[in-house]
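Take a look at the structure set out below.
Each reported figure results from applying straightforward, stated rules to the coordinates on display, with no laboratory input. Please read these numbers as outputs of a predicted model, since none were measured by experiment. Because the Cβ atoms are built from the backbone with ideal geometry, glycine has one as well, and the counts that use them run over all protein chains shown.
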Amino acid sequence: MQLSNAQDDTVKAYTVQDSLKVDTIQKLKFNYKQLIIPTILIGYGVIGIENDQLKSFNTQIREEVKEDIDQKTSIDDFSQWAPAASVFALDAFGVRAKHNLRDRGVILATSYIIMSSTVFALKSISHIERPDGTSKNSFPSGHTATAFAGAEFLCQEYKDKSVWYGIAGYAVATGTGLFRIYNNRHWLTDVAAGAGIGILSTKIAYWVNPFISKTLFGKKEETHPTSFIMPFYDGKNAGIGFVKTF
C-alpha cells in the first residue's frame, strides 16, 4: 500500500514516538489537592470499620440490594481489568498514549504493586467478614482497587486527548464496585476504600516513575530497533503501514 506524504509524516511521527527511550517520561507534579478524593474515600472506609452509624448504613444497603438480586454475575471479575487494558488497546489501534509502551508498563506495574500490597496488608489485619459470610477478608475491595487504579491510569494517559476517556474508565470502575456490592461480596465501605487505594496507587506510581525509570534504565536516552505493522488514522486518512526503526 502506498502512503501519501501526509500519511508518511504520520508514520514517521509514530515511529519516533514509539521508539523505546527514557526521555518520553513525563513527570506528574505532586499536588496535595490530588490527595483529597482518595483520602476521603479511604478515610470513609477506615472509619466505617468501627463506626456504628456507617456499619448500620452498610447493612441497610445490603438489605436493599438483596431484595433486588435475581442472580449473581461474574462481570466484575473481568471489568476490573478493562480500564487498564483499554490504554494498551487504544494505543495499539493508533490513539497514542502519553507514554510509550515500556514507560506505561513500568507505571502500571508500580501502581499494581503498591495497590495489591496495601490491599493484602489491610485484609490481613482488619478481618472484616464479607456480607455473604464466606470469609473475613472483606476490607478493602481488591476488585474495586484494581479497577480504579486502571481508571486513573487511563485518565492520566489520555486526559490530554479527551476528558471522556477518563470518564469512561471511572464509569467502568464504579460499575465494578457496585457489582461487588450487588454480588454480596463487599460492603459499601470496602468499595469506597478500594477506590481510594486504587486512585492513590496510580498517582504515586506517576510521581515516583522518573526515579524508578532512571534507576532501571539510566539517564542516557536509548533507542532499540523495532519493526511492526501499524494501523493509523490522522483524522482524515486511514491505512496500514509497515514501520521499522534502527
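Using the Cα centre of the range 83-200 as the reference point, and only Cβ charges (+1 on K/R, -1 on D/E), how large is the resulting charge dipole? Debye, rounded to the nearest 20.
On the way: 11 positive and 8 negative charges, 19 e Å.
Dipole magnitude for the range 83-200 comes out near 100 debye.
Going highest first, how would you order 155-168, 62-75 by mean Cβ packing within 10 Å?
Details: 155-168: 17.1, 62-75: 10.6.
Result, highest mean first: 155-168, 62-75.
How high is the relative contact order of the range 55-166, given as a whole-number percent (alpha carbon pairs under 8 Å, six or more residues apart)? Intermediate values should be presented prior to the final figure.
On the way: 92 pairs, mean separation 35.7, N = 112.
Result for the range 55-166 is 32 percent.
Within the set LYS33/LYS123; LYS66/LYS136; LYS123/LYS214; LYS33/LYS203; LYS159/LYS203; LYS98/LYS214, which residue pairs have Cα atoms separated by over 22 Å? Mind dumping the intermediate values first?
Values: LYS33/LYS123 28 Å; LYS66/LYS136 20 Å; LYS123/LYS214 33 Å; LYS33/LYS203 12 Å; LYS159/LYS203 14 Å; LYS98/LYS214 18 Å.
Beyond 22 Å: LYS33/LYS123; LYS123/LYS214.
Rounded, prolate or oblate, given the Cα gyration tensor of the range 41-143, with a/c below 1.5 counting as rounded? Numbers along the way, then the final one.
Values: a/c = 2.78, a/b = 1.76, b/c = 1.58.
Here the range 41-143 falls in the prolate category.
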